[in-house]
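For reference, the structure discussed in these notes is given below.
A short reminder: the numbers here are calculations on the coordinates, not readings from a lab. Keep in mind the model is a prediction, meaning the values are calculated, not measured. Note that we place each Cβ from the backbone using ideal geometry, even for glycine, and neighbour counts take in every protein chain shown.
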Amino acid sequence: MNPGLLISTAFGSVGANKLRAGLTLLGIVIGVSSVIAMMAVGRGAQISVTSRISELGTDLITVSPGAQALRFAFFGGGGNSDVLSLEDALSLKDDVFAPDVRLVAPENSFSGSAVVGSESTFVNGVGITAEYLEARNLSIASGRNITNADVENIALVAVLGSEVSETLFGQRNPVGATLKISSREFTVVGVLDSQEGTIFNPDNSILVPINTAHYRLNNGTGLFNSISLGSINVLASSEDTVDDARTDVSTVLRLRHELAADEDDDFLITTQQDTIETLEGTQGTFVILLGSIAGISLLVGGIGVMNIMLVSVTERTREIGIRRAVGAKRRDILFQFVAEAILMTFAGGILGVLAGWAIAYFGNGATVDGDIIETVIETHIAIIALGVSVAVGLFFGIYPAVRAASLNPIEALRHE
Amino acid sequence: MTSGTPTPVIELTNVSREFQLGTHSVRALDGISLTIQLGEMVAIIGPSGSGKSTLMNTLGCLDQPSSGVFVLNGQNVSDLSDNQLAETRSHQLGFVFQSYNLLPRETALSNVELPLKYSGGIKGKDRRAAARAALDRVGLSERYDHRPMQMSGGEQQRVAIARALVRNPELILADEPTGNLDSKSSAEVIEMLRSLNEDDGKTIVVVTHDPEVAEAAKRIIAFRDGQIVEDRPIDHPTDSVTDETNENAE
Ligand SMILES: Nc1ncnc2c1ncn2[C@@H]1O[C@H](COP(=O)(O)OP(=O)(O)OP(=O)(O)O)[C@@H](O)[C@H]1O
Ligand SMILES: [Mg+2]
């Protein structure tokens with residue numbers, strides 16, 4: 001039988017039992033559409049994370065203390081050994097040893113409750129120098145930045161994240177007002193622009209001079225230069241010199257820490273590219289996980305197709321006998337049943353792609369638990385999903401078709 | 001009547017067919033030797049279980065003998081592959097079943113077209129033209145688009161005959177074609193087969209319990225217990241006898 005006839009015969013047979021075909025199709029539609037939708041969500045998350053990191057500027061390098069500090073030290077700024085000091089940071093400003101470093105912004109962290117009158121909120125704060133805002137691409141909405149004079153004076157001044165400001169002061173402009181952090185009174189000198197939607201959101205944070213954080217809030221002691229740091233933010237002179245700057249930082253710190261050639265770094269340097277790659281790797285796993293879960297439903301759909309095809313072969317035994325008696329070869333019967341299975345899964349695949357596409361399209365921008373879901377639809381995923389649904393038809397259709405083709409014509413004809 | 005040197009269409013030599021049923025075996029055909037020439041019309045009769053259908057299935061290349069030789073149109077059938085058997089079924093013979101065996105969802109026309117679909121290389125237009133011609137030949141010009149359910153038993157059996165004819169084979173095999181029909185429909189079918197033999201020169205082998213069908217044939221072969229117990233020609237001396245038979249059938 002030629003392919004055209006095969007297809008029209010398959011349409012006839014599948015169309016003869018529309019409800020059954022429809023229900024069988026539904027399994028495939030659900031499988032394929034969930035693959036498409038899941039992948040769109042996964043890819044959307046991946047891309048948005050990447051772009052949010054990129055907003056910080058790809059020339060940012062973060063140095064955190066501790067050899068085995070987590071790669072995500074970046075988030076909390078925490079290694080576990082106190083090996084980065086303010087002096088380390090200052091030494092990176094050296095034009096000779098670190099020519100590709102443009103800006104150095106050390107930071108440490110503190111936490112505590114911030115209180116204004118009866119309002120209070122728990123904050124994770126950052127102790128900074130004046131360079132911090134530029135390093136982190138932040139800007140002041142009103143008031144001023146923390147100056148290096150504030151740092152030297154161990155001034156009790158604070159710059160508030162927009163959310164903290166709103167929680168404590170409502171719609172009032174807090175600049176000039178006072179608040180208590182861990183029972184010490186601070187003067188608010190500025191408020192940050194909201195950075196909602198970025199990955200390192202400072203909105204819920206309070207910035208104070210780095211010395212103040214150390215001596216006043218963390219009850220630190222010691223000399224000014226020996227203040228231990230959570231991390232050092234370094235900007236390369238340009239995006240193209242990130243790797244050079246990284247080398248500079250490493251060289252300087254290894255010298256300062258007197259590490260022998262065979263000793264590992266006791267600090268961790270993370271570029272934005274590293275972070276993006278790590279996160280993309282994590283997200284990639286996530287996408288694969290989502291995809292596999294969806295793939296399982298496609299598999300279940302395929303089993304449904306096989307089930308129906310087996311029923312169909314049994315029901316149509318006599319038809320098979322008739323076809324064989326008038327000249328159908330075994331392979332004609334084989335192809336006929338495979339074609340029917342593929343027709344169902346292919347049709348299911350097309351509907352599934354359309355449905356998945358629609359879900360991804362209308363789901364884009366929806367919020368779940370306060371998170372905005374972004375979806376990215378990729379054509380190649382749709383094409384792969386279609387291909388897979390055809391393969392599912394072939395795979396699950398072949399066994400029933402082989403059973404049909406191997407029937408003995410006389411016995412098939414005698415079947416009631 | 002065909003004249004000249006006879007051409008054998010069917011040659012059976014010592015053909016047996018055994019079925020294994022658990023521990024014991026049934027000999028449905030027991031050493032049959034038989035030759036049927038081109039243009040013959042042969043009726044096969046015999047009691048139930050005597051092996052008539054088994055013989056027809058063998059002749060129709062649907063079943064293979066356990067032993068012995070079956071030569072169809074000069075070709076030893078046991079040498080054929082499964083695919084070649086399928087081709088032989090569609091090219092060299094047409095089979096008519098007691099229970100019509102039409103595809104219930106398909107129209108008369110597409111049922112008749114079916115063997116052509118498996119022949120390959122025939123255009124849809126030509127297939128349909130051939131199917132119409134075959135339906136016209138059996139007098140069903142008005143029934144092209146009817147489905148089996150919408151036709152009488154006799155009409156369905158004529159559709160089945162048209163399907164057997166559509167590839168224009170020399171040999172038509174019919175296993176109790178009137179077994180499910182009332183006497184009027186039977187008469188139509190018998191007349192159809194007789195005419196295909198007389199007018200179109202088809203070789204016809206028909207299994208029947210119906211004496212009228214046997215009467216229409218030119219040769220009767222009687223079966224019992226898988227063996228041929230009688231094989232004799234029937235004389236149809238004059239047309240008047242035929243007319244008389246037809247009148248009796250009314
Ligand atoms: N597939 C089979 N398996 C086992 N035995 C079979 C099979 N086919 C036929 N037989 C046996 O072979 C014998 C001949 O059967 P066959 O169908 O040829 O008889 P028949 O002459 O056509 O009878 P009827 O007039 O009832 O149609 C019977 O005993 C039957 O039981
Ligand atoms: Mg029989």
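Equivalent ellipsoid of the protein assembly as shown: semi-axes from √(5λ) of the C-alpha gyration tensor, largest first, are 95, 24, 18 Å. Distance between the C-alpha centres of segment B:157-232 and segment A:237-313: 78 Å, rounded to the whole angstrom. If you average the alpha carbon positions of segment A:327-366 and of segment A:1-57, how far apart do those two centres end up, in angstrom? Taking the Cα centre of segment A:1-57 as reference, the centre of segment A:327-366 is 8 Å away.
Among the complete DSSP H segments of chain B, which ones combine at least 27 Å of alpha-carbon extent along their axis with a mean Kyte-Doolittle hydropathy of 1.6 or more? Correct list, ordered by number: empty. Normalised by 2.2 N^0.38 Å, where N is the number of residues, the alpha-carbon radius of gyration of segment A:67-265 equals 1.05. For A:Arg102, the residues 5 or more places off, or on other chains, whose built amide H falls under 5 Å of its own are A:Leu235, A:Ala236, A:Ser237. Close amide H contacts of A:Ile154 (hydrogens built in the peptide plane, cut-off under 5 Å, sequence separation of 5 or more or a different chain): none are found.
In chain A, the DSSP beta bridges split such that about 85 percent are antiparallel, to the nearest 5. Counting beta carbons within 10 Å around each of B:Asp30, B:Asp200 and listing the fewest first gives the order B:Asp200, B:Asp30. Placing unit charges on the Cβ atoms of the charged side chains and taking the dipole of the protein assembly as shown about its Cα centre, the candidate lying farthest along the positive direction among B:Gln156, B:Gln37, B:Ser78 is B:Gln37. For the residues B:Thr23, B:Thr107, B:Thr58, a GNM of chain B with alpha-carbon springs under 10 Å puts the largest fluctuation on B:Thr23. As a quick test, which of the pairs A:Lys18/A:Lys329; B:Lys123/B:Lys184; A:Lys329/B:Lys184; B:Lys117/B:Lys202; B:Lys125/B:Lys202 have an alpha carbon distance above 30 angstrom in this structure? Where the Cα-Cα span goes over 30 Å, the pairs concerned are B:Lys123/B:Lys184; A:Lys329/B:Lys184.
Only one residue of A:Pro106, A:Ser91, A:Gly127 has its Cα farthest out toward the positive end of the dipole of segment A:79-131, where Lys and Arg carry +1 and Asp and Glu -1 on Cβ, and that residue is A:Gly127.
Other residues within the sphere of radius under 9 Å centred on the Cβ of A:Ser238, judged by their own Cβ, net out at -3 (K and R +1, D and E -1). Two numbers describe the Cα atoms of segment A:148-228: Rg and Dmax, which are 13.4, 40 Å. Rg over Rh for segment B:1-138 works out to 1.01, using Cα positions for both radii and the Kirkwood form for Rh. Note on segment A:67-265: with charges restricted to the Cβ of Lys and Arg (+1) and Asp and Glu (-1), its dipole about the Cα centre is near 920 debye. As a calculated quantity, the FRET efficiency between A:Val115 and A:Ala358 at R0 = 51 Å, using C-beta atoms, amounts to about 0.55. What is the calculated FRET efficiency for A:Ile140 to A:Ile303, with r their C-beta to C-beta distance and R₀ = 51 Å, to the nearest 0.05? Using R0 = 51 Å, I get an efficiency of 0.25. Placing a pseudo-label 7 Å from each Cα along the Cα-to-Cβ vector at A:Asn148 and A:Lys18 gives an inter-label distance of 8.0 nm. For chain A, complete DSSP H runs whose alpha carbons reach 24 Å or more along their own long axis and whose mean Kyte-Doolittle score is -1.0 or higher are A:18-55, A:272-315, A:330-363, A:379-405. By the count of other C-beta atoms within 10 Å, a proxy for reagent exposure, B:Glu87, A:Glu411, B:Glu40 are ordered fewest to most as A:Glu411, B:Glu87, B:Glu40. Taking the Cα atoms of segment B:10-249, the ratio Rg/Rh between the radius of gyration and the Kirkwood radius comes to 0.97.
By the count of neighbouring beta-carbon atoms within 10 Å, fewest first, A:Leu217, A:Leu386 end up ordered A:Leu386, A:Leu217.
The residues packed around B:Ser48, meaning those with a beta-carbon under 14 Å from its beta-carbon, carry a net charge of -2 if Lys and Arg are +1 and Asp and Glu are -1.
Given R₀ = 56 Å, FRET efficiency for A:Thr187-A:Leu26 by Cβ-Cβ distance, to 0.05?
Between A:Thr187 and A:Leu26 the formula returns 0.30.
Close amide-amide hydrogen proximity is noted between B:Val96 and B:Leu173, B:Ala174, B:Asp175, each under 5 Å apart and 5 or more residues distant or on a separate chain (H modeled in the peptide plane; Pro and chain starts excluded). Projecting the Cα atoms of B:Thr13, B:Val69, B:Ala214 onto the charge dipole of segment B:10-249, computed from C-beta unit charges around the Cα centre, puts B:Val69 farthest toward the positive end.
What is the ratio of the Cα radius of gyration of segment A:186-241 to 2.2 N^0.38 Å, where N is its residue count, to two decimals?
Values: Rg = 15.0 Å, N = 56, 2.2 N^0.38 = 10.2 Å.
Normalised by 2.2 N^0.38 Å, the Cα Rg of segment A:186-241 equals 1.47.
Charges only on Cβ, +1 for Lys and Arg, -1 for Asp and Glu: so what's the dipole of the protein assembly as shown about the Cα centre, in debye to the nearest 20?
Dipole about the Cα centre, nearest 20: 1980 debye.
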